[in-house]
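Peer 1: Before I ask anything, here is the structure I am working with.
Every read-out reported here was derived from the displayed coordinates using simple, explicitly stated rules and does not represent laboratory data. Just so it is clear, the structure is predicted and the values come from calculations on it, not from any experiment. In this analysis, Cβ positions are derived from the backbone assuming ideal geometry, glycine residues included, and neighbour counts consider all displayed protein chains.
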Amino acid sequence: MKKWVCTCCDYLYNPEQGDTNHEVEPGTPFNELPDEWLCPECSAKKNKFKVYVERAMWDDAIPEYGGY
Ligand SMILES: [Zn+2]
């Protein structure tokens, strides 16, 4: 299962752990979380999350815009 990361605070949602503080059972995929689920760290909505990719891939995916 994919991990999802909050773009507001970098909280990482791990489906294998769920979010037991908010009655989300371990093993719950991100897309099965209730729509009203909020980031435990900063209360961002689900649409602020994106699929987590490893750090090395981040660096490749984000171009440098400093040259303009
Ligand atoms: Zn957050």
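Peer 1: Of all residues in the stretch 7-42 being touching an Asp or Glu at 6+ places or on another chain (Cβ under 6 Å) and under 21 Å from E54 (Cβ atoms), which is surrounded by the most Cβ atoms within 10 Å (Cβ to Cβ)?
Peer 2: Per the criteria, the residue is Y11.
Peer 1: Inside the stretch 12-54, can you point out the residues that are in a loop (DSSP other than H, G, I, E, B), among the β-branched types (V, I, T) and over 11 Å from M1 (Cα atoms)?
Peer 2: If the condition is that a residue be in a loop (DSSP other than H, G, I, E, B), among the β-branched types (V, I, T) and over 11 Å from M1 (Cα atoms), then V53 is the only one that fits.
Okay, residues lined up against (1) touching a helix residue (DSSP H, G or I) at 6+ places or on another chain (Cβ under 7 Å); (2) within 16 Å of the ligand (Cβ to nearest atom); (3) of a type outside the set (V, I, T):
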| site | (1), (2), (3) |
| --- | --- |
| M1 | no, no, yes |
| T7 | yes, yes, no |
| D10 | no, yes, yes |
| T20 | no, no, no |
| N31 | no, no, yes |
| P34 | no, no, yes |
| P40 | yes, yes, yes |
| K48 | no, yes, yes |
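Peer 1: Of everything in the stretch 1-49, what is in contact (Cβ under 8 Å) with a residue 12 or more places away in the chain and polar (S, T, N, Q)? Give them in sequence order.
Peer 2: Selection gives T7, N21, T28.
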